[in-house]
Amino acid sequence: MKRGAALLAAGLLLGPGASQAFAGEQTPPDWNGITLGSPHRGGTLHLTADGPGGTLDPQINYGTQYMQVFVNMYDPLLTFRLARGTAGLEVVPDLADAMPQISPDGLTWRLHLRPGLHFSDGAPVRVEDVVASFRRIYRAGSPTAASFYGGIAGAAECLETPDRCMLPGVEGHPETGEIVFHLTKPDGEFLYKLAFPHAVILPASTPVHDMGGATVPGTGPYRITQYDPGHGMVLERNPYFHVWNPQAQTDGFVDRIEYDFGLSDEAQVTAVEQGRYDWMLDAKPADRLGELGAHYTSQVHIEPLLGLYYLAMNTHEKPFTDVRVRRAVSMAVNRHAMTILFGGSAISEPLCQMVPHGIPGADLGLDCPQDLEGARRLIHEAGADGASVTLVVPNRAMELGMGTYLRNALQSAGLNVQLRPITAGLAESYEQNSANHVQIALSYWFADYPSASTFLDDLFGCDNYHPNSAVSPNFTGFCDQHVQTLFDQARSQTDPTKAAPIWQEAGHAIMEQMPGAPMIQMRTVDFVSKRLGNYYATLLSHMVFSHVWVQ
């Protein structure tokens, strides 16, 4: 990890001990030499967060908090390389023993199940489990069933009648260990979708409903042995795990991971400073960055992140049914002020598009200066002067600060705005459920994989709007057939250079209608204890729990 020069955040110094990693870096670890024979092996890793992260069902949960846990518990057939920087965006074999063989027309994908694998309950991993797991994506109602896996032959029928799903497009051959996928049309992102966590392989006996607080056996190095959503969870080693591909899964250093819930972001910072916890999930309050920079620089890690904050506006709730009001919201905000409230230019930058920089098809060349006069004019033209609006934000200090600024900016533009803080662990599911009639929310989103689709389609695609569901990534309810056609055209391109300009066109079309107003692109600021060593983070999984050790 590269040790960077001093960083200025919110006018406060994160000194030369703070580490900053850039997307081009890669430090390949000596997995076999370090992990299995290391004096650092053993002990308990202590993690803390404001609250729980939703369901424990790995095929349904779509939140970063628990997905960061699940990557240590479950495996797809393919996965993203466990590596720093852009190398971590490459796909490698996981439960499959090699990369897929793809037919010239792109419609048939052949993989072979790695022999000798077992679930954490000791049962062998079979081809039948693979077939059942993909069928379960539809039957259990995974939020990505249509958008990610709707191109598999038979998926349309499964989406229409999940309880009768047969999914002929996934064939299993137990005698040879081969799994064959049949697609209805080429999908240039299907490799990424096979590596996405919703495609993990579970026992065929897994119930076909949301498992809620119950755990399912997995294949990774750890398993959940205790769980109480009011207090926390405990992970311990999976006794049946062995390293089959160190680029996909490692054996893990610590024997036990204790993840406690209930501390505010301010209390989390203090607890890590005191050594009671080794890592905190939540964003660090801006007023604590100077303290961290002055006294704990060796424990601060600044990492690149394919993520953004945006204002999500529900196109089914007034006044945001009118595109003029949505455009006015974007015009009313000073994005430089938002970067200061987040922590400064060292860890964030203004963003004028709904895809972070660093993803193909992202850079639209847009500018978005604050224009309060123009915002007031649009709101007046829409007849929305004085319209009552409730802005939902997570109740952490940093988001409360941004929310207070946003409330004031939108009031200056002519709206009557109230701020409604929601417990951080519950905010996402509350916002996404249309039954709660949320009008506008300060939201954030991270890349599922390195494509513009994981922002544009995930957040604004018709297939990702699930009314009355707590897992509906398209909270805005936006659905435009022209934009959807562009999504389909871009995904059908097997050459990313041909897909990029189509994603750019889709990005422009979305910015014209403004269902979401981008605010900032941010970096991760991880704060860890003095005893945590071998800090390791990837662009998609963030800090890798299985790779760190405790002294």
Handout entry: the stretch 475-544, dipole about Cα centre (Lys/Arg Cβ +1, Asp/Glu Cβ -1), debye to the nearest 20
Key = 540
Practice task
Within the set of other residues whose C-beta is less than 11 Å from the C-beta of Gly461, count the net charge using Lys and Arg as +1 and Asp and Glu as -1.
Solution key: -4
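What number comes out for the charge environment of Gly177, summing +1 per Lys or Arg and -1 per Asp or Glu over other residues with Cβ under 13 Å away?
Neighbourhood net charge equals -3.
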Practice task
Work out the FRET efficiency for Leu191 and Ser412 from their Cβ-Cβ distance, taking R0 = 41 Å, and round it to the nearest 0.05.
Solution key: 0.30
Practice task
May I ask you to order 231-241, 390-400 by the average number of other C-beta atoms within 10 Å around their residues, highest value first?
Solution key: 390-400, 231-241
Problem - Karplus 3J(HN,Hα) series, Hz, for the stretch 172-187 with 6.51 cos²θ - 1.76 cosθ + 1.60 (x for Gly, Pro) - result: x, 10, x, 5, 10, x, 8, 10, 10, 9, 10, 9, 7, 7, x, 9
Handout entry: Lys, Arg +1 and Asp, Glu -1 on Cβ, resulting dipole of the stretch 343-412 about Cα centre, debye, nearest 20
Key = 280
Exercise for the section: For Ser205 and His482, calculate 0.36 nm times their separation in residues minus their Cα-Cα distance, and state this gained length in nm to one decimal. Expected result: 95.6 nm
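With a ≥ b ≥ c taken as the square roots of the eigenvalues of the C-alpha gyration tensor of the stretch 307-522, please select rounded if a/c is under 1.5 and otherwise prolate if a/b is larger than b/c or oblate if it is not?
Note, shape of the stretch 307-522 comes out rounded.
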Fill in the blank from the handout: The local net charge around Asn61, scoring Lys/Arg +1 and Asp/Glu -1 for residues other than Asn61 whose Cβ lies under 15 Å from its Cβ, equals -4
Handout entry: the stretch 155-206: GluC sites (Glu not before Pro) in DSSP coil with no more than 11 other Cβ atoms inside 10 Å
Key = Glu175
Fill in the blank from the handout: Rounded to one decimal in nm, the spacing of the 7 Å Cα→Cβ label points at His380 and Arg276 is 5.4
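Roughly speaking, what is the stretch gain from His40 to Ala214, that is 0.36 nm per residue apart minus the C-alpha to C-alpha distance, in nm to one decimal?
59.5 nm
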Handout entry: Listed residues Ala509, Tyr62, Leu410: farthest to the positive end of the dipole of the chain (Cβ charges)
Key = Leu410
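Tell me, in nm to one decimal, what length is gained between Ala156 and Lys318 on full extension, where the rule is 0.36 nm per residue of separation less the Cα-Cα distance?
55.0 nm
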Handout entry: Computed over the stretch 219-325, Cα set: Rg, Dmax in Å
Key = 19.9, 58
Problem - Rounded FRET efficiency, nearest 0.05, which uses the C-beta distance separating Asp287 from Asp105 and R0 of 41 Å - result: 0.10
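So if R0 is 22 Å, what FRET efficiency would Ser388 and Asp367 give, r being the distance between their Cβ atoms, rounded to the nearest 0.05?
After rounding to 0.05, the efficiency reads 0.10.
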Handout entry: Count of Lys pairs (Cα-Cα under 25 Å; at least 8 positions apart or interchain) in the chain
Key = 6
Completion exercise
Sorted on mean Cβ neighbours within 10 Å (highest first), peptides 121-129, 258-266, 278-286 come out as 278-286, 258-266, 121-129
Practice task
Compute the convex hull volume of the Cα atoms of the chain, divide it by the residue count, and report the result per residue in Å³ as a whole number.
Solution key: 134
Exercise for the section: State the answer as a single residue: which of Pro394, Pro360, Tyr309 lies farthest towards the positive end of the charge dipole of the stretch 307-522, with beta carbon charges of +1 for Lys and Arg and -1 for Asp and Glu, about the Cα centre. Expected result: Pro394
Practice task
Based on the mean of other Cβ atoms within 10 Å per residue, sort peptides 130-137, 435-442, 382-389 so the most packed one is first.
Solution key: 130-137, 435-442, 382-389
Practice task
Please list the radius of gyration and Dmax for the stretch 75-165, considering alpha-carbon atoms only, with Å as the unit.
Solution key: 14.9, 43
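Give me the percent of DSSP beta bridges within the stretch 307-522 that run antiparallel, rounded to the nearest 5.
60
Read-outs throughout are calculated quantities, based only on the coordinates presented, and are distinct from any laboratory measurement. Quantities reported herein were computed from a predicted structural model and do not represent experimental measurements. Heads up, the Cβs are rebuilt from the backbone with ideal geometry, glycines too, and the neighbour counts pull from every protein chain shown.
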